[in-house]
1. Looking only at residues that are surrounded by 14 or more Cβ atoms within 10 Å (Cβ to Cβ) and outside any loop (DSSP other than H, G, I, E, B) in segment 73-99, which one is farthest from the chain's Cα centre (by Cα)?
2. Tell me whether segment 56-72 contains one or more residues that are farther than 30 Å from VAL17 by Cβ and in a loop (DSSP other than H, G, I, E, B).
3. Condition first: farther than 26 Å from ASP42 by Cβ and either hydroxyl-bearing (Ser, Thr, Tyr) or in contact with a strand residue (DSSP E or B) (Cβ under 8 Å, 6 or more places away or on another chain) (or both). Now tell me which residues in segment 63-122 satisfy that.
4. Filter segment 44-61 down to residues that are among the basic types (Lys, Arg) and modelled with pLDDT of 90 or more and give me whichever is nearest to MET75 (Cα to Cα).
5. Do you know which residues across segment 5-43 are over 18 Å from the mean Cα position of the chain (by Cα) and closer than 17 Å to ILE72 by Cβ?
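The values are calculated or read from the model by the stated rules, or taken from the named source; none is laboratory data. Owing to the predicted nature of the structure, the values given are computational and were not obtained by experimental measurement. Glycine gets a Cβ as well: all are built from the backbone with ideal geometry, and neighbour counts include every protein chain shown.
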Amino acid sequence: MAELSLDKYHTPIRCEVCGDTLTFMGVGEYKCDKCGHLMYDDYGVVRNYLEKNKGVTVVEISMATGISQSQIKQMLKEDRLEISDSSRVFLRCEACGKEIKSGRYCPACEQLAAAAEAKKRANALREERQMNMAGFKANPLKGEEGTRRFKREH
């Protein structure tokens, strides 16, 4: 069996059957270029399990797939997964505590966070422009207060 290279979500790089490279097919699925074997990263495994088992909890998913609860919760926070409508369990908005189905913020707080981030970027850009212009205004060379630097001696 060929060795797999793994990252945060255990993304397979090489085929476990023949060792050839894999091509990303979408939604956590990877197909071997040589033998056609299908492999899945953690997201693909969770997604496949959810498609076959509607309404299961994070604990049940974790026990069935072997993927940690913290990784599944991270997928929820990244908006890769969503809690079903029939669930009694919800995530909480990190700003106001309101119940949400996925992500980090409720829609209202998400708008506020986006506006704050845009303002922060605009301020940083303005400061950068001021710093770039400061060399023209604040740092004149000595001896250049409107007088000639060179005088001809006759």
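1. LEU91
2. So far as segment 56-72 goes, yes, one or more of its residues are farther than 30 Å from VAL17 by Cβ and in a loop (DSSP other than H, G, I, E, B).
3. Listed by number, the residues that qualify are LYS98, CYS106.
4. Here the answer is ARG47.
5. Selection gives TYR40 alone.
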